[in-house]
Amino acid sequence: MVVGLTCALAQQPVQLLAGHRAPVSAVAIGPGGVLAVGADAYVQLYRPDGRLVRTLSGHADTVHTLDVAPDGTLLSGAADTTLRLWNPGSGASMGVLQGHRDQVWSARFSPDGGHILSGSADGELWLWTRQGQAQQLSLGRNWIYGVGFSPDGTLLAAGGLDGALLLNPRDGSRLPLLGRLSVRALAWGRDGRLATGDRDGRIQLWDARGSFVRQFRAHSLAVSALVWSGNGQLISGGQDGQIIFWQGEQPLRRLQTTSVLSLAVSGNQLLSGHDDGRARLWNLQGALLQTQEPPAASVAVLTFSPDGSLLASGGWEGEVWLWNQRGQPVRRLTGAELEITALAFSPDGRHLAAGSRDGLTRIYQVASGRLLQTLGAHGNGVGALAFAPNGRALASGGRDRLLFVWDWQAGKKVLEFRAHESHLTGLAWSRDGRTLYSSSSDESLAWWALGPEGVRLERRLMAHARGIYGLALSPDGRTLATASHDQTLKLWDARSGALLRTLQGHTEAAQALAFSPDGLRIASVGWDKALRLWSVQGQLLETIPGFARPLYAVAWSKDGRLAAGSGTLRKAGTVALFRR
């Protein structure tokens, strides 16, 4: 129980709310048919008969990519910006490669296993040796979704939102392929053919010299995964839930399943990872051999309704759950294709806005769960949402660096402007609705004046040494609080922008924070797997360790309940609920 500022929270939560699942975002097949499955921040290894061998833990955020070297070494890349090398036989870590400044989305070994190519969300390519020496390259300023080496190892390929590109690392020459194609998947066949898949569901084929061969329609939604089998057959996976085996431009076989995120092939086996939290093993004749459901998941975002009667949680599987005060799930809100990244209740509590990595913001009627409005679309996903105090306007911040203000009931965009140099991570309105505060992974905090004449930048501060990922306004509207990957929290005067104090205590990246209802305390969470409680004077009041994985979300209700969101290996998608 918390009384005043000195007594501690109970060390154990009074309730655990479980239900969310983690998408299987990466798969690989290792020596002896070992299946590697990346879900949440973990890599899980299964024997060919489906039995779990071990779980590899070390990443602090979503594992996006897996690959296996000829000698059996396993490579993983994650949203925590790192690459890790593993011995799958023993589970031992063989090294960590650090250098990327944003999420690693794709990484591949060279054909001889001596080098690694990786691409990240900020458009950077890195060419590594296993010992960690690196050469930094660049595709553009936007997401890189796929990378690969040519079969002879002499050329590099990368594809993302800035198109596709061939590079020769020896002389630095580059060959752009179709410019801004918005490539979502890339795979190089053993015969030197290169396949790319785009967000519009098309596949492009290129010969070994980078000359365009053909393009054809493959999926009704984005092509999200491509692989070549050993006999030279192209296999594609799409967000439409189809896995297609191709013979030229003609589909030879279609497997209807759920949204596909990743594919791997070895011999006569195909392993697929899906948005529904499952990995499926098939033979190349299309028969389903087994299904794995890794017991890992994360809660990405939490918010309480204004009256505290409901808790909304958003998961990496694209679902929003509503929980009542007894901890019972009362409703599931579906519709998003990808992870829920932002949630906001309207001031009257009657509507809930949910932003997703699919770029769309969906407005639901809370009482019925009915989808009322879909607002589109931020490139690369929605990063933050906030209703204006009058409830009529909704602000959305995107990973495309843009800030939109909506008349959400009409579905009309009122304002659009570039707010930051990297993706937006937080939004808050002043109590009078005249100022909008925004934070970003570019380390800055901005004040925007909104009026009949439009928008005007009042102030921008380089507020932290690393990206800001949490932003909150005190109940009285006087203080802004920020949480950063530089491991600190900072408190700011909301009117003048003056730094009031810096709170130090996190041992890894701080990810989210929330004010108590009386505005006298702050709760913060981060990658160090602990919940911390602070006074606004800067005193660390309590640290609650013992969470099984990094924490990404925290919320404080009007009646004093404190929710922290994190999955665990034993119980997926768990929200821990504490009482004052």
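Counting only strands (runs of 3 or more DSSP E) that sit completely within segment 503-561, those holding 3 or more residues that are buried (at least 19 other Cβ atoms within 10 Å of the Cβ) correspond to 510-515, 521-526, 531-535, 553-556.
One line per residue, one yes/no per condition, for (1) modelled with pLDDT under 85; (2) farther than 29 Å from ARG193 by Cβ; (3) crowded, with 24+ Cβ neighbours inside 10 Å:
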residue	(1), (2), (3)
THR82	no, yes, no
SER93	no, yes, no
GLY114	no, no, no
SER150	no, no, no
ALA157	no, no, yes
LEU161	yes, no, no
PRO169	yes, no, no
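Going by the structure shown, is LEU234 closer than 24 Å to PRO111 by Cβ, open to solvent by less than 20 Å² (accessible area, probe 1.4 Å), within 32 Å of the chain's Cα centre (by Cα) and without any contact (Cβ under 8 Å) to a residue 40 or more places away in the chain? The answer is no for LEU234.
If the condition is being open to solvent by less than 50 Å² (accessible area, probe 1.4 Å), charged (D, E, K, R) and not in a strand (DSSP E or B), then segment 116-134 contributes only ASP122. Pick from segment 315-333 the residues that are open to solvent by 40 Å² or more (accessible area, probe 1.4 Å) and in a loop (DSSP other than H, G, I, E, B): which of them is modelled with the highest pLDDT? Going through the qualifying residues, I end up with GLN325. Each residue in segment 381-429 was checked for being over 22 Å from ALA300 (Cβ atoms) and assigned to a loop (DSSP other than H, G, I, E, B), and 9 of them qualify. For segment 343-386, a tally of residues being within 17 Å of GLY426 (Cα to Cα), open to solvent by 10 Å² or more (accessible area, probe 1.4 Å) and in contact with a Ser or Thr (Cβ under 6 Å, 6 or more places away or on another chain) returns 6. Total residues in segment 387-404 satisfying the condition of being of a type outside the set (Lys, Arg), within 25 Å of TRP143 (Cα to Cα) and either in contact with a Gly (Cβ under 7 Å, 6 or more places away or on another chain) or open to solvent by 10 Å² or more (accessible area, probe 1.4 Å) (or both): the figure is 6.
Rundown of residues vs (1) surrounded by fewer than 18 Cβ atoms within 10 Å (Cβ to Cβ); (2) under 22 Å from LEU489 (Cα atoms); (3) touching a Ser or Thr at 6+ places or on another chain (Cβ under 6 Å), yes/no style:
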| position | (1), (2), (3) |
| --- | --- |
| PHE417 | yes, no, no |
| GLY426 | no, yes, yes |
| SER440 | no, yes, yes |
| PRO452 | yes, no, no |
| ARG456 | yes, no, no |
| ARG459 | yes, yes, no |
| ALA465 | yes, yes, no |
| ILE468 | no, yes, yes |
| LEU471 | no, yes, yes |
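Among the criteria (1) in contact with a Leu (Cβ under 9 Å, 6 or more places away or on another chain); (2) modelled with pLDDT under 95, the one GLY560 does not fulfil is (1). Taking into account only those residues within segment 206-227 that are surrounded by fewer than 19 Cβ atoms within 10 Å (Cβ to Cβ) and of a type in the set (Phe, Trp, Tyr), which is modelled with the highest pLDDT? Here the residue is PHE216.
Every condition in (1) assigned to a strand (DSSP E or B); (2) modelled with pLDDT of 95 or more; (3) over 25 Å from PRO545 (Cα atoms) holds for LEU450 except the one numbered (2).
One residue stands out in segment 181-192 among those that are aliphatic (A, V, I, L, M) and without any contact (Cβ under 8 Å) to a residue 40 or more places away in the chain: the one that is surrounded by the most Cβ atoms within 10 Å (Cβ to Cβ), namely VAL183.
A search for C-beta distances below 9 Å between a residue of segment 37-50 that is without any contact (Cβ under 8 Å) to a residue 24 or more places away in the chain and any residue that is open to solvent by 10 Å² or more (accessible area, probe 1.4 Å) and among the β-branched types (Val, Ile, Thr), counting only pairs 6+ apart in sequence or on different chains, returns ARG47/VAL34; ARG47/VAL53; PRO48/VAL34. Of all residue pairs spaced 6 or more apart or on separate chains, those with beta-carbon atoms under 7 Å, a first member in segment 193-210 that is on the phi > 0 side of the Ramachandran plot and a second member that is basic (Lys, Arg) and open to solvent by 10 Å² or more (accessible area, probe 1.4 Å) are GLY201/ARG217.
The values are calculated or read from the model by the stated rules, or taken from the named source; none is laboratory data. Source: prediction; values computed, not measured. Glycine also receives a Cβ, built like all others from the backbone with ideal geometry; neighbour counts cover every protein chain displayed. Note: areas computed on protein heavy atoms with side chains; ligands, DNA, RNA excluded. Shrake-Rupley method; radii C 1.70, N 1.55, O 1.52, S 1.80 Å.
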